[in-house]
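Shown next, in structure tokens, is the structure this report addresses.
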Amino acid sequence: KNLKNKEGVKSIRGVRRISAAIFPKFITDNVSDPFVKVKVGHRRILKTHTVMDNLNPVWNENFYINVCDYSNHIQFEVRDFDNASKSDHLGSHNLPAEQLVRYDNETLKPLRVGIERKAVLDNKESHGTIEYYIGFV
């Protein structure tokens, strides 16, 4: 399954209320400047703002994104901003597209689906968690 069907481009709406609890091994001095990238396939579809000096950030941002890529998952990647070098990977979570994209059994038209989820980063409790709401229209 993927995020595009024969009818063409679909949209993700309502990526919001993203929050995280970060416990990765990369953090020194209990300080992080986290942000979240959301990708469909290899394409970044959104990036939150950076929350400075915070291990429990909350992003109250709303996004409406047209998606035109085939992919079997949506990736949420938490990163640590760094002025001097490339941002550090703190953890990620993949949402299978089949959980977000559903079709009516009779008409085969896509249904509006919303998911609120709390997930463990990298499938390791020690890396922290991410919470989010995402909708498909």
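The values are calculated or read from the model by the stated rules, or taken from the named source; none is laboratory data. Keep in mind it's a predicted model, so treat the numbers as computed, not measured. Note that each Cβ is placed from the backbone with ideal geometry, even for glycine, and that neighbours are counted across all protein chains shown. For the accessible areas, the whole protein counts, side chains as well, though only heavy atoms, and no ligand, DNA or RNA atoms are used. Shrake-Rupley method; radii C 1.70, N 1.55, O 1.52, S 1.80 Å.
The table for this structure:
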{"item": "Per residue value of the accessible surface for region 97-137 (all protein chains in place, 1.4 Å probe), Å²", "result": "62 Å²"}
{"item": "Residues of region 85-119 with amide N under 20 Å of the 7 Å Cα→Cβ point at residue 44", "result": "85-95"}
{"item": "Region 18-136 - percent of accessible surface contributed by carbon and sulfur, probe 1.4 Å", "result": "43 percent"}
{"item": "Per residue accessible area of region 42-82, 1.4 Å probe, in Å²", "result": "60 Å²"}
{"item": "Ranking by accessible area, most exposed first, for 79, 117 with a 1.4 Å probe", "result": "117, 79"}
{"item": "Spatially close lysines, pair count over region 18-136: Cα under 20 Å, gap of eight or more or interchain", "result": "12"}
{"item": "Cα gyration tensor of region 72-131 - equivalent ellipsoid semi-axes, whole Å, descending", "result": "32, 13, 8"}
{"item": "Nearest-10 value in Å² for the accessible area of residue 64, using the 1.4 Å probe", "result": "130 Å²"}
{"item": "Volume per residue that the Cα convex hull of region 18-136 spans, once the total is divided by residue count, Å³", "result": "107 Å³"}
{"item": "FRET E, pair residue 52, residue 125, Förster distance 25 Å, beta-carbon r, rounded to 0.05", "result": "0.50"}
